[in-house]
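K.L.:
Here it is, the structure, as structure tokens.
Derivation of every value follows stated rules applied to the coordinates shown; laboratory data play no part. From a predicted model like this one, the values you see are computed outputs, not experimental measurements. Positions of Cβ are generated from backbone atoms using ideal geometry, with glycine treated the same way; all protein chains shown enter the neighbour counts.
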Amino acid sequence: MSNLELHQIDNFPQELLEISIEKLYTLFPGPTLLHLQGKRAEPVFVSVLLHGNEGTGLHVIQRLLKKYQHSVLPRSVSIFFGNTQAARYGKRVLGNQFDYNRVWPGTVEPNVQETIVMQKIVNEMERRNVFASIDIHNNTGLNPHFACINKLENCFLHLAALFGHTVVYFLTPKGVQSMAFSKLCPAVTLECGKSDSPSGTVHALDYVDAVLHMQYISKDPISPQDIKLFHTVARVHVPADVTFSFTDQNANILFKRELYKMNFSEIPADTCFGIVHSNNNARLFAFNDNDEELGEKLFYINNQQIKLTKPMMPAMLTLDEAIIRQDCFCYLMERLPHPEIPYAN
Ligand SMILES: [Zn+2]
């Protein structure tokens, strides 16, 4: 897309409160940052629609703005409406764009229009002394609602555990919003289940409202019963030269359909992920945080079956073949011991 510019506004058209995700581009044709004043000046930053097909964030903002239509917000809020052009077509990202959640400062992408826009937002929010950052997402598999963090500090753990006990700590992929904001303030990515799920909207709305009411975010150690912390060990990809399917017997890898039910459950070593056909080269890639490829350490092939070498907890497993190609097949996680982080780190 040519001439991608960040638009900043401090009021919004009434149509915003009801508009559909597909029509949002008619109000905000490009990336738009809306600043609203509240009783406490330091704003909460909320980003929505970094992925155009993940609608919960917009629904949360619409409900939040309606709730405070005739009263003052407890705290200022700055809302970023991300990829409204992809949202127009119900897509995560369009073919001529970079993924809006891979282009924030710290990204490995080249200097492109998207990275410049995101850098401007971070600069602006730093100038406004941002209080906390919340990036709202959906996913396609059967996953619980959970928050992700990129720093193991007490205030991050508290902010994440307020959304739910399950918290995921990750350092890749690079260039995600929450990682960029973790340099400025406690920051979370919320995974709110499927895009059309009303419970995801209610949960995330209650959460954003609660954060807006917080006077401060605790730096005290968090108690073990309040958090179950996981760490991503690897992102699993299907190599570009390998075909795959959940139904087509002729694909190089025929994945097991039941896999999608295994998100956030520990599965034992030797669990079969799929059957390998025809292509001698059929295999899975697994990248750790340093982008080292661990496919052969985490999977082995025996009797045409791709199996796990050790117990693991998958997340974000999906049956959506486009997402698997664009993003990844799944993440593999391990439970982290309870973090013992002293006060005020
Ligand atoms: Zn997303």
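K.L.:
Cα centroid distance between the range 310-326 and the range 132-202, in Å?
P.N.:
18
K.L.:
Let me ask something additional. Convex hull over the alpha-carbon atoms of the range 181-221: what's its volume per residue in Å³?
P.N.:
99
K.L.:
Before anything else, pin down the relative contact order of the range 38-122: Cα pairs under 8 Å, at least 6 apart, normalised by residue count, whole percent.
P.N.:
Once normalised by length, the contact order is 33 percent.
K.L.:
Could I ask something else about it? Distance from a point 7 Å along Cα→Cβ of ASN303 to each backbone N in the range 223-265: keep the residues under 16 Å and list them by number.
P.N.:
Nothing falls inside the zone, counting backbone N under 16 Å.
K.L.:
State the volume of the convex hull built on the alpha-carbon positions of the range 140-196, expressed per residue in Å³ and rounded to an integer.
P.N.:
87
K.L.:
What nm distance separates the two modelled labels at GLU266 and HIS213, each placed 7 Å from Cα along Cα→Cβ?
P.N.:
For the pair GLU266/HIS213, the computed spacing is 3.6 nm.
K.L.:
Relative contact order, percent, of the range 249-345 when contacts are C-alpha pairs under 8 Å separated by at least 6 residues?
P.N.:
Dividing the mean separation by the residue count of the range 249-345 yields 28 percent.
K.L.:
Next question, about the same structure. Which of HIS277, HIS231, HIS165 ends up with the largest GNM mean-square fluctuation for the chain, with Cα atoms connected below 10 Å?
P.N.:
The residue that fluctuates most here is HIS277.
K.L.:
Sticking with this structure for a sec: Enumerate the residues in the range 168-183 having an amide nitrogen under 14 Å from the point lying 7 Å beyond the Cα of GLU126 toward its Cβ.
P.N.:
180-183, by backbone N distance to the label point.
K.L.:
With the convex hull built on the Cα atoms of the range 46-203, state its orientation-averaged projected area in nm².
P.N.:
It is 9.4 nm².
K.L.:
Semi-axes of the range 114-250's equivalent ellipsoid from the Cα gyration tensor, sqrt of 5 times each eigenvalue, largest first, rounded to whole Å?
P.N.:
28, 19, 16
K.L.:
Here is a further query. Once the Cβ-Cβ distance between LEU152 and GLN249 is put in as r, and R0 is 45 Å, what FRET efficiency do you end up with, to the nearest 0.05?
P.N.:
Approximately 0.50, to the nearest 0.05.
K.L.:
So, one more: Quick check on the range 113-157: take the gyration tensor over C-alpha atoms, sort the square-rooted eigenvalues as a ≥ b ≥ c, and tell me if it's rounded (a/c under 1.5), prolate or oblate.
P.N.:
oblate
K.L.:
Okay, next question. Just the number, please: Stokes-Einstein D of the range 1-130 in µm²/s, Kirkwood Rh from C-alpha pairs, 37 °C, 0.692 mPa s.
P.N.:
Calculated translational D: 219 µm²/s.
K.L.:
Pick from ILE61, ILE134, ILE275: which is most flexible by mean-square fluctuation in a GNM of the chain where alpha carbon atoms under 10 Å apart are linked?
P.N.:
ILE275
K.L.:
On to the next question. Picking from SER245, SER78, SER133, which is most flexible by a Gaussian network model of the chain using Cα springs under 10 Å?
P.N.:
Maximum among the listed residues: SER245.
K.L.:
Please give me the summed charge of the neighbours of ASN154: other residues whose Cβ is under 11 Å from its Cβ, Lys and Arg +1, Asp and Glu -1.
P.N.:
-1
K.L.:
Any chance you could get the radius of gyration and Dmax over the Cα atoms of the range 197-281, in Å?
P.N.:
Just the Cα atoms of the range 197-281 yield Rg and Dmax of 20.5, 60 Å.
K.L.:
May I ask what percent, to the nearest 5, of DSSP beta bridges between residues of the chain are antiparallel?
P.N.:
55
K.L.:
For the chain, what does the equivalent ellipsoid look like in terms of its semi-axes, each the square root of 5 times an eigenvalue of the Cα gyration tensor, given largest first in whole Å?
P.N.:
35, 24, 17
K.L.:
Also, quick follow-up: Run a plain Debye calculation on the range 30-86 (Cα atoms as equal point scatterers, no solvent) and give log10 I(q)/I(0) at q = 0.21, 0.31 Å⁻¹, rounded to two decimals, same order as the q list.
P.N.:
Listed by q, the Debye log ratios stand at -0.78, -1.24.
K.L.:
Rounded to a whole number, what is D in µm²/s for the range 1-43 from Stokes-Einstein with the Kirkwood radius over alpha-carbon pairs (25 °C, 0.890 mPa s)?
P.N.:
Using the Kirkwood radius from Cα pairs, D works out to 203 µm²/s.
K.L.:
Roughly speaking, what is the stretch gain from GLU340 to ASP241, that is 0.36 nm per residue apart minus the C-alpha to C-alpha distance, in nm to one decimal?
P.N.:
31.2 nm
K.L.:
For helix 198-213, what angle does its Cα long axis make with the longest principal axis of the chain, in degrees from 0 to 90 and rounded to 10?
P.N.:
50
K.L.:
Right, here's the next one. Against the longest principal axis of the chain, how steep is helix 113-127, in degrees 0 to 90 to the nearest 10, with axes from Cα atoms?
P.N.:
That helix lies at roughly 50 degrees to the long axis.
K.L.:
Pairs of Cα atoms under 8 Å, at least six residues apart: use those to get the relative contact order of the chain, whole percent.
P.N.:
So the answer I get is 16 percent.
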